[in-house]
1. Which three extents, in whole angstrom, do the alpha-carbon atoms of the protein assembly as shown cover along their principal axes, largest first?
2. To the nearest whole number, what is the average tally of beta carbon atoms from other chains within 10 Å of the beta carbons of peptide A:31-38?
3. Please get the size of the charge dipole for chain A, origin at its Cα centre, with Cβ charges of +1 on Lys and Arg and -1 on Asp and Glu, quoted in debye to the nearest 20.
4. What's the center-to-center distance, using Cα atoms, between region A:55-98 and region B:1-50 in Å?
5. Just read off the accessible area of A:SER73 with the full protein assembly in place, 1.4 Å probe, to the nearest 10 Å².
6. Jot down the per residue volume, in cubic angstrom and as a whole number, of the convex hull over the alpha-carbon atoms of region B:1-54.
7. Which value in Å does the Kirkwood hydrodynamic radius of chain B take, with 1/r averaged over all unlike C-alpha pairs and then inverted?
8. Can you report the principal axis dimensions of region A:69-109 using only the alpha carbons, biggest first, rounded to whole angstrom?
Amino acid sequence: GAVVSQHPSWVICKSGTSVKIECRSLDFQATTMFWYRQFPKQSLMLMATSNEGSKATYEQGVEKDKFLINHASLTLSTLTVTSAHPEDSSFYICSAFGQNQPQHFGDGTRLSIL
Amino acid sequence: RKEVEQDPGPFNVPEGATVAFNCTYSNSASQSFFWYRQDCRKEPKLLMSVYSSGNEDGRFTAQLNRASQYISLLIRDSKLSDSATYLCVVNPFTGGGNKLTFGTGTQLKVEL
């Protein structure tokens, strides 16, 4: 069964809307969660590393004010795409890592901004 | 130069064929190596880790050549269900964490 749950799996919304994506680790405590983005026919690109109880670390070129990450508990991290625009349309995937656990991926969120 | 490079394919092979994928990585200090499988519009799933001594899991064999910074995946007796994109994944040595770097993937299509 899934060990990382990502919600929602599909979002379609209007330009300017803010969208929140949740990533939950089931059955284990995730000290670290990663957020990736994948455009069609491209590789997964790491956006940020989220550590429970501290600020996320963003990769170069990723706007932290645009992509808000909150990792308030050991089982939940959220990514909020603020004021989303069509160019933000992508496949967003989280992964979770905990002690004595390999990295598990969520099943992804397909975001379409009209 | 990309950190992890793969031939994007697609590789179209008949069922039962043997197919090999290659991958090169740029960071010589990289510590861990993996092959993931990604089906269309799905998340990546770990296929196998890659060890210096080479390792095999059923029809799948992975090889690592640290000197050449080269990783390979061999699939024998291809099945229709093997059709997917295969991602070469490297964990670069960053002093901690499990920050993975993904290749763009090699697409495999197994046909009747």
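1. 48, 39, 37
2. On the way: counts 1, 4, 0, 4, 0, 4, 0, 6.
Average neighbour count from other chains, rounded to a whole number: 2.
3. Working: 9 positive and 9 negative charges, 35 e Å.
Here the size comes out at about 160 debye.
4. 25
5. 40
6. On the way: hull volume 6.8 nm³, N = 54.
Cα convex hull per residue, to the nearest whole number: 125 Å³.
7. Working: mean 1/r = 0.0708 Å⁻¹.
Result for chain B stands at 14.1 Å.
8. Per principal axis, max minus min of the Cα coordinates gives 39, 20, 10 Å.
The values are calculated or read from the model by the stated rules, or taken from the named source; none is laboratory data. These figures come from a predicted structure and were not determined experimentally. Glycine gets a Cβ as well: all are built from the backbone with ideal geometry, and neighbour counts include every protein chain shown. SASA here: full protein model, heavy atoms, side chains in, ligands and nucleic acids out. Shrake-Rupley method; radii C 1.70, N 1.55, O 1.52, S 1.80 Å.
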